[in-house]
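Asks: After the structure tokens below, expect a handful of questions from me.
The values are calculated or read from the model by the stated rules, or taken from the named source; none is laboratory data. All values reported here derive from a predicted model rather than from experimental measurement. Using ideal geometry, Cβ is built from the backbone for each residue, glycine included, and neighbour counts are taken over all protein chains shown. Accessible surface is based on the protein model in full, side chains and every heavy atom, while ligands, DNA and RNA are left aside. Shrake-Rupley method; radii C 1.70, N 1.55, O 1.52, S 1.80 Å.
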Amino acid sequence: MTHVRNEIPAKYKWDLTGIYSTEAEFEADYERAKAYIADFPRHRDTMTKSAKGLYEALQASIDLDRVITKLYEFAFLSSDLDKSDNKYLALSDRIMNLANEANSASFFLSPMLVKIKDKTLDTWYAEVPALEEFRRTIDLSRRYRKYTLSDDKEQLLADIGICLGTNAKVEGIFSNADLPFGKIRDEEGKLVELTDSTYVLRLTSKDRRVRRAAFKKLYETYKQFGNTFAALLGNTVKERTTLAKIRGFGSSIEASTFNDEVTPVIYNNLIDTVNRNMQVIYSYFNLKKEVLGLPALHMYDLYTPLIPDCTKEYSFDEAVDTVIDTVRILGDEYADTLEDGIKNKSWVDVYPTKGKRGGAYSAGCYDTQPYILLNYNEKIDDVSTLAHEAGHSMHSYYSCKNNTPQDSNYTIFVAEVASTVNELLFCHKKLRESNSREEKLSILNQLMETYKGTLYRQTMFAEFERDIHAMTESGATLTQELLCNTYYNIVKKYFGTSVVCDKEISMEWMRIPHFYRSFYVYKYATCISAASAIVRRIENEGEAYIGKYLEFLSCGGRISPLDSLKVAGIDMSDPSVVDAAITDFAEAIAMFRELY
């Protein structure tokens with residue numbers, strides 16, 4: 001259901017005046033950023049000459065980043081509430097332009113850091129102890145010594161930064177604001193508008209006619225614009241592969257994983273491990289076909305709840321109380337902070353409204369509170385989504401609370417761990433406490449869907465993404481036909497013979513925005529693997545382990561993502577972590593089958 005925004009009570013909407021209460025405040029920060037940018041080039045001549053000069057340059061960089069990030073959060077959060085509002089689209093453009101100006105003005109920072117000799121740095125750390133606060137920043141830049149270009153080339157890349165990443169922006173506006181999906185007839189035969197955000201909801205309908213109609217209508221629309229989406233994604237991939245080549249990386253996947261402080265080995269181990277365990281996902285699809293009593297399981301049947309209880313509705317207030325009760329195991333500070341944020345500080349924008357960005361996310365920065373975007377439709381999956389996004393927000397809360405601004409941002413490689421921990425805790429707690437066979441089956445259904453969607457589906461996306469980047473690097477052009485055929489072949493492998501892979505699913509890549517963030521999706525799968533291991537230890541070891549988990553949340557970006565997971569006792573270089581998560585999935589399937 002799409003709500004009318006001005007009729008929604010204030011407690012269910014963001015109050016962005018906490019970032020800027022007036023337009024004048026926003027413009028004052030904008031001008032402050034412009035002044036920082038104008039002043040920044042002077043550090044080029046001083047940062048390599050003395051410890052004091054280096055410290056001042058790094059501090060100036062953080063000051064500039066903080067004000068631009070705050071401006072960015074306000075502009076883009078505002079824009080996501082209504083993608084058709086040209087005012088905030090224009091404001092977002094201004095901030096992106098400002099960010100590119102900042103990148104251009106400060107481009108020399110990393111290349112100059114690379115040039116400082118190790119012995120000189122050691123002396124400077126002793127000379128200006130405050131420089132220690134930037135040791136991690138310095139070390140991260142110096143990792144790129146091999147991939148740093150000449151000053152004039154670095155300046156050129158910084159100057160053209162404004163032209164990069166625009167395909168993702170176009171795709172976002174087109175998909176969320178301009179793409180018309182038309183209408184279908186609902187369960188009562190009434191014509192209803194189909195949107196990308198309500199599509200999955202329609203796929204959970206008990207009425208197979210509605211599911212099929214939504215599936216056919218959605219991809220009927222995408223098919224009309226296949227060449228456009230192919231051009232957008234193809235240009236994105238070409239952009240990433242070209243930049244990787246310019247910097248001297250062997251491939252775009254090598255460049256992306258280097259940035260994550262991991263290697264392609266972890267990426268490929270994930271895909272290989274999942275591919276070796278396809279029988280587990282096949283057994284899930286066989287179970288689904290049996291329970292639903294269908295002669296053939298089609299792609300539009302995959303989101304159908306296995307049992308009626310999955311259609312139970314939960315008010316948002318009920319969802320909040322359920323999530324807070326779930327995370328109470330992590331301690332009162334965790335639970336009380338989250339409860340206060342949701343109930344009293346407008347952390348969450350709850351309901352779908354016209355023009356609002358689809359999906360869900362957690363945002364915010366060092367100088368703002370967390371902000372959670374939902375499109376809440378009162379299903380158990382929406383409660384799980386709230387738990388998930390709350391995990392992100394609390395990870396950010398602990399990271400910002402326990403680190404300096406420069407070390408407060410945890411990397412994307414671990415970004416989905418805390419969120420998935422909350423999801424799994426939610427399912428496990430409900431499963432343990434339920435006295436109802438039907439409710440237990442509902443919860444197991446949710447748990448199986450989480451593993452199917454996060455471990456297998458995201459790995460499927462990762463395999464597709466790896467392959468299309470490799471195709472581009474070998475000289476292929478990513479046409480609509482090539483993308484559809486490549487995607488379809490991978491889908492058939494992941495769904496096996498138990499599912500009819502309707503031809504329309506070959507176009508699904510068109511509606512996955514994460515493909516515009518190169519090599520992002522694999523982290524969902526590695527993170528659920530880490531999260532599964534963490535949840536097992538939380539539940540088995542209790543307080544003795546929970547302190548280690550909270551310490552992991554507090555690491556921020558001050559150590560590498562792999563090292564931060566080791567704080568929680570998880571070694572992601574070991575493929576057995578993924579194997580164990582698959583075992584958890586298999587156990588959930590077996591439990592459901594036995595109980596059913």
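Asks: May I ask you to list pairs of residues, at least six apart or on different chains, whose Cβ atoms are under 7 Å apart, with the first in the range 526-554 being within 15 Å of Ile329 (Cβ to Cβ) and the second being among the β-branched types (Val, Ile, Thr) and open to solvent by 10 Å² or more (accessible area, probe 1.4 Å)?
Replies: Ile538/Ile329; Ile538/Ile546; Lys548/Val567
Asks: Where residues in the range 259-272 are open to solvent by less than 40 Å² (accessible area, probe 1.4 Å) and outside any loop (DSSP other than H, G, I, E, B), which of them is nearest to Ala580 (Cα to Cα)?
Replies: Residue satisfying both the conditions and the ranking: Leu270.
Asks: Something else about it: Considering (1) closer than 30 Å to Ser560 by Cα; (2) among the aliphatic types (A, V, I, L, M); (3) not in a helix (DSSP H, G or I), say which one Ala130 fails and leave the rest.
Replies: It fails just one condition, (3).
Asks: Select from the range 357-400 the residues that are in a helix (DSSP H, G or I) and small (Gly, Ala, Ser) and write down the one among them that is nearest to Leu306 (Cα to Cα).
Replies: Ser384
Asks: Search the range 481-506 for residues being farther than 24 Å from Arg276 by Cα and out of contact with any Ser or Thr (no Cβ under 9 Å at 6 or more places or on another chain), and hand back the single one that is least open to solvent (accessible area, probe 1.4 Å).
Replies: Going through the qualifying residues, I end up with Asp502.
Asks: For the range 507-519, how many residues meet the condition of being open to solvent by 10 Å² or more (accessible area, probe 1.4 Å) and either β-branched (Val, Ile, Thr) or closer than 13 Å to Ile266 by Cα (or both)?
Replies: 1
Asks: Another question about this same structure. Please determine, by comparing only the residues of the range 175-187 that are modelled with pLDDT of 85 or more and open to solvent by 40 Å² or more (accessible area, probe 1.4 Å), which one is farthest from Met96 (Cα to Cα).
Replies: Glu187
Asks: Can you tell me which residues in the range 23-38 are β-branched (Val, Ile, Thr) and open to solvent by 70 Å² or more (accessible area, probe 1.4 Å)?
Replies: Once the filter is applied, which keeps residues that are β-branched (Val, Ile, Thr) and open to solvent by 70 Å² or more (accessible area, probe 1.4 Å), the range 23-38 yields nothing.
Asks: Additional query: Residue by residue through the range 188-218, note down the ones that are among the small types (Gly, Ala, Ser) and either surrounded by 19 or more Cβ atoms within 10 Å (Cβ to Cβ) or touching a strand residue (DSSP E or B) at 6+ places or on another chain (Cβ under 7 Å) (or both).
Replies: Hits for the range 188-218 are Ser205, Ala213, Ala214.
Asks: Out of the helices (runs of 4 or more DSSP H) lying entirely within the range 1-113, which hold 2 or more residues that are among the β-branched types (Val, Ile, Thr) and under 30 Å from Thr198 (Cα atoms)?
Replies: Fully inside the range 1-113 and qualifying: nothing.
Asks: Exactly one condition in (1) under 22 Å from Lys430 (Cβ atoms); (2) in contact with a Leu (Cβ under 8 Å, 6 or more places away or on another chain) is false for Glu587; which is it?
Replies: Evaluating Glu587 over (1) under 22 Å from Lys430 (Cβ atoms); (2) in contact with a Leu (Cβ under 8 Å, 6 or more places away or on another chain) leaves (2) as the failure.
Asks: Scan the range 528-576 for residues that are surrounded by 21 or more Cβ atoms within 10 Å (Cβ to Cβ) and of a type in the set (Ser, Thr, Tyr) and jot them down.
Replies: Scanning the range 528-576 gives Ser529, Ser532, Tyr549, Ser564.
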